[in-house]
Amino acid sequence: MKTKILGLFLFVMTIQLTYAQEKTTTVPSKAEQEIMQLSNKKWQWMSDKNVDSLGVLFDTKCEFVHMGGTWGKDREIDIIKGGFIWYKKAEVYSTAVKFFGNTAILLSDIDLVAVVGGNDAINPFMVTEVFIKENGQWKLGQLTFSHLARPLKLNNPK
């Protein structure tokens, strides 16, 4: 009898461990997809140095937090336009979106390939983007780069 109970217990535990290790994938909602697509467009505009589109996306009170400092919209636009930072490529590995009323917070695990002050820079970041919806349009209110202690995932950084 003890053997049967022990066997049943081990069987149940094995089944539970199997389910616990299954990867759960959820399909992003339409609102989440909208924010992720907007972020992807932003990375492309930054790569293309498309300051006109970025100027529309960035709120006038937008703040940017980099490894080298913090500044507002006008300075970020000038930096991109002048080529001091060229965001060549953002390889995005994962994203998560949370909504709080008219605010969306997007977290992205990325490897960023950039040219900073004429020097190549490739870094792993967790990027926090805060979007605010006003008058039916999303505006970027905050963009923060947090350097990650993980190795680069990017195979071909150029």
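Every read-out reported here was derived from the displayed coordinates using simple, explicitly stated rules and does not represent laboratory data. All values reported here derive from a predicted model rather than from experimental measurement. So basically every Cβ, Gly included, is an ideal-geometry build from the backbone, and we count neighbours across all protein chains shown.
Note that segment 68-74 has calculated 3J(HN,Hα) couplings of x, x, 10, 7, x, 4, 4 Hz, one per residue in order, obtained from phi through the Karplus relation 6.51 cos²θ - 1.76 cosθ + 1.60 (θ = phi - 60°); glycine and proline are x. Cross-link check: pairs K41/K98; K30/K133; K30/K73; K30/K98; K133/K153; K61/K88 evaluated at a Cα-Cα cut-off of 23 Å; pairs beyond the cut-off: K30/K73; K133/K153; K61/K88.
Can you tell me how segment 71-158 classifies by the Cα gyration tensor, rounded, prolate or oblate, using a/c under 1.5 as the rounded cut? Judged from the Cα gyration tensor, segment 71-158 comes out oblate (a/c at least 1.5, b/c at or above a/b).
Positive end of the dipole of segment 43-158 (Cβ unit charges, origin at the Cα centre): among T60, I122, L152, the Cα lying farthest that way belongs to L152.
Dipole magnitude for segment 26-147: about 160 debye, using +1 per Lys or Arg Cβ and -1 per Asp or Glu Cβ, origin at the Cα centre.
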